[in-house]
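One structure below.
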Amino acid sequence: MASLKTEIGSIVLDKPGMIASGIMDETGKSLVRVLESGAGAAVTKSIGLEPKPGHDSPCFMEVSGGYVNAMGLPNPGIDLFREEMEIAVPKGKIIGSIYGAGPGDFSELAAKMEDYGACAVELNLSCPHAKGYGMEVGTDPEMVKSIVSAVKSSVSIPVWAKLTPNTHILTRIGQAVQDAGGDAIVAINTLKAMVISPEFARPIMSNKFCGLSGEAVKPVGVRAIYDLRSAVDIPLIGVGGISTWRDAAEYIMAGACAFQVGSAVGTKGMGVFSQINDGLSAFMDEYGYANIKDMVGAAHE
């Protein structure tokens, strides 16, 4: 029987799927529920130095092919989040997602996540709707390089960088992550979007701009991983529109050694992880793939 075990650098997962940041990961109990549902690891909500309320409602809605959101990075702040980590870390592998305005913020946050027991940190360099954070710092290769380098010097756990698709220089940014010593790249975050109400002749979201996630963005994510595979040598983690084993297989064959699931938890529930695992395993048995590593980047050959 095919093995679903995979390696992301020094991190070994029994199963290749993770919950993506921002979905079912605000509390220790929800992170544990994800792990118990068949995910190999769980990524936390993006956490900052101080508590942040996020944007006013409306900030989330369903659209054709997925969801749009402009949450505005709501979180309790890194100090209070220690309590949630204490609940989740004993139950499995937890990746701490963090956001900041520059190298100093990221370094301080990463060090605390390491102290709290995170097995890796994921740098949110890609949120499309938070002014001064995310995509605004993640589309400058030099800034990305300085952030990743600073975090690498402040922690001993692996450093992952989550990149935005909202740029024409994605591979250059990926190379900046690698040059700075980053351990893995996560791609993609949401696509910058907007929804307008014809009746009110105005944008629906309180923030006007939002991020599109869900099945509609999968081809963009698969292309991003494919491009990055040709540009860097460090491990890649695919995310964006994955809801079935076929979606996961596309990302793996494009070059990802693991993947993250987000919006599909809203449409299919927590059982989506076991469904993907079962389908992927059956496909691998039928087509002669002994393990995930045999599939990684197969579409390039």
Cα gyration tensor of the chain diagonalised, 5x eigenvalues square-rooted, in angstrom largest first, produces semi-axes 26, 23, 20
The rounded separation in angstrom of the Cα centers of region 214-249 and region 1-50 is 17 Å
Dividing the mean separation of Cα pairs under 8 Å (6+ apart) by the residue count of region 240-301 yields a relative contact order in percent of 47 percent
Computed from every Cα-Cα pair in region 1-153, P(r) in 5 Å bins starting at 0 and rounded to whole percents is 2, 9, 18, 20, 20, 17, 10, 3, 1, 0
Checking rank on 235-247, 50-62, 257-269, with mean other Cβ inside 10 Å and highest first, the result is 235-247, 257-269, 50-62
Residue separation between Q275 and F200 times 0.36 nm, minus their alpha-carbon distance, gives in nm 22.9 nm
Under the Karplus relation with 6.51, -1.76 and 1.60 and θ = phi - 60°, whole-Hz ³J(HN,Hα) for region 242-255, x at Gly and Pro, equal 7, 9, 9, 5, 5, 4, 4, 5, 4, 4, 5, 5, 6, x
In nanometres, the difference between 0.36 nm per residue of separation and the alpha-carbon distance of F209 and E36 is 58.8 nm
Along principal axes, largest first, the alpha-carbon spread of region 34-107 in whole Å comes out as 37, 35, 21
Under 5 Å from the placed amide H of K52, counting only residues 5+ away or on other chains, we find N75, G77
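Ordered by packing density, taken as the mean number of other Cβ atoms within 10 Å over each peptide's residues, highest first, how do 194-205, 103-114 rank?
Details: 194-205: 12.1, 103-114: 20.9.
Sorting 194-205, 103-114 by mean packing, highest first, produces 103-114, 194-205.
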Region 149-234: Kirkwood hydrodynamic radius (Cα pairs, Å) comes out at 14.7 Å
DSSP beta bridges in the chain: the antiparallel percent, rounded to 5, is 35 percent
Residues whose built amide H sits under 5 Å from the amide H of C127, excluding neighbours closer than 5 in sequence, are G134, M135
In nm², the average projected area of the convex hull spanned by the Cα atoms of region 242-301 is 3.7 nm²
Place a point 7 Å from the Cα of E50 in the direction of its beta carbon; the residues of region 77-93 whose amide N falls under 17 Å from it are 77-81
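Computed from the coordinates by the stated procedures, all read-outs in this text should not be read as laboratory data. Predicted model, so just to flag it, every value in this text is computed and none were measured. Neighbour counts run over all protein chains shown; Cβ positions are idealised from the backbone, glycine included.
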